[in-house]
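Structure, as structure tokens:
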Amino acid sequence: MLASGAKDPAPPAPVWVSWGQKNWSGAADADLKAQWLRKGDTVTLLATLQDDQPVPAVGASAKAILAADHLELWWLEWKEGTPRPVQLGVARTVDGKTVATWFQPPSRKNTPLPSVRWTAPDRLEVDLPMRWIVPTRLDQPATDTGELEPPSGQADFTVVFSDSDGKGQETLVSTTEKRPGSGSFSALFISEPGSPYPRLNKRVFSWVPVKQRSTLRELVGP
């Protein structure tokens, strides 16, 4: 997944039916389009949901949200090299009210819910502070490759649409091929402000100066 730092969001991320394939009859039944946009130190998810039988939440409790059509956001927060999954659930009531709750709350107590808004019956936006989802240099695990240079960033993040059809969770459409969980995440690459693409660390590739008349054969080698 790519979060653009320019004025327009990045193209939609690829999605899969990661669970409940037997209940899924096609994109008209349940589908998800997840796009990202960065503004300053905030990353915004723009999620568009396709559903042939909307099921609103009857309340704001975790049980009520899980029983309804809802969006789940999973990410890893890092502390001293140790990962911890965080899970947020978002739905709407029959009168269009936004309801959200922590299914797995952040480690920091009393963390408020992020800003969530439905901009259309099938579209919602979620604002997430960069500091929530991108590990600091000190928190990054020793195996981290450091692919991006600040102020770009990278996060372990998964977006999930849970389709209910009135019988509880029946189908999951997500940005991971496997059923979402604490060990299965997508990679979210976050661009620096004003740029559509992240800034790569020069250590990632062996950079080779290209002369004006260089050919592809010369660059690839024998």
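Work out, step by step, the length gained on full extension between T215 and E80: first 0.36 nm times the residue separation, then minus their alpha carbon distance; give nm to one decimal.
The span from T215 to E80 would gain 44.0 nm if fully extended.
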In Å², and per residue, what accessible area does the stretch 2-190 have when probed at 1.4 Å with the other protein chains present?
49 Å²
Quickly estimate the mean residue ellipticity at 222 nm for the chain, helices only: each DSSP H run with n ≥ 4 gives -39500 (n - 2.57), and the total goes over all residues, rounded to 500.
-1500 deg cm²/dmol
Normalised by the number of residues in the stretch 2-190, what is the relative contact order in percent for Cα pairs under 8 Å and 6+ residues apart?
28 percent
Residue (of L88, V55, H70) at the positive-pole extreme of the stretch 2-190, dipole from beta-carbon charges:
L88
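Can you sort D41, D127, D163 by 1.4 Å-probe accessible area, starting with the largest?
D41, D127, D163
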Of the listed peptides 190-201, 94-105, what is their order by residue-averaged count of other C-beta atoms within 10 Å, with the highest listed first?
190-201, 94-105
With Cβ to Cβ distances under 14 Å as the rule, what net charge do the other residues near V58 carry (K, R +1; D, E -1)?
+1
Sulfur and carbon atoms: percent of accessible area, the stretch 2-190 [1.4 Å]
52 percent
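Work through the residues other than G181 whose Cβ is under 13 Å from its Cβ and net out their charges, Lys, Arg +1 and Asp, Glu -1.
-1
The values are calculated or read from the model by the stated rules, or taken from the named source; none is laboratory data. Since this is a predicted model, take the numbers as computed values, not measurements. In this analysis, Cβ positions are derived from the backbone assuming ideal geometry, glycine residues included, and neighbour counts consider all displayed protein chains. Protein only, heavy atoms only, side chains kept; ligands, DNA and RNA dropped before computing areas. Shrake-Rupley method; radii C 1.70, N 1.55, O 1.52, S 1.80 Å.
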